[in-house]
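Working notes, beginning with the structure itself.
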Amino acid sequence: MRTVEKFTDAFSANVAKGMLENAGIPAVILNENTPLWAGMCNTDLLSIKLAVNDEDYSEACKLIAAASKAE
């Protein structure tokens with residue numbers, strides 16, 4: 001699995017996950033329930049990560065980039 005994008009809120013991560021899944025790319029959200037205090041030691045722990053299978057990484061990156069430009 002590879003991280004496609006990092007988010008600061010679960011809503012945005014879930015929207016992106018749904019977009020990928022609608023395109024036929026299975027996706028997983030990581031760190032969705034990490035407590036906020038965990039970031040005091042490591043800011044990367046605060047990131048909500050969207051991950052896909054290695055073979056879907058390139059296509060997922062293209063879709064995420066296209067969605068970012070559309071906003």
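The values are calculated or read from the model by the stated rules, or taken from the named source; none is laboratory data. Fair warning: this is a prediction, and the values are worked out from it, not measured in the lab. Backbone-built Cβ (ideal geometry, glycine too); neighbour counts: all protein chains shown. Keep in mind that these areas ignore ligands, DNA and RNA; they rest on the heavy atoms of the full protein, side chains included. Shrake-Rupley method; radii C 1.70, N 1.55, O 1.52, S 1.80 Å.
Key figures for this structure:
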read-out: Inter-label distance, nm, simple model (7 Å from Cα along the C-beta direction), N14/S58; value: 3.3 nm
read-out: Inter-label distance for I29 and A65, nm, one decimal - labels placed 7 Å from Cα along Cα-to-Cβ; value: 2.5 nm
read-out: Protein-only accessible surface order, largest first, of T3, T8 at 1.4 Å; value: T8, T3
read-out: Heavy-atom accessible area order for K6, K49, K69, K62, largest first, 1.4 Å probe; value: K69, K62, K6, K49
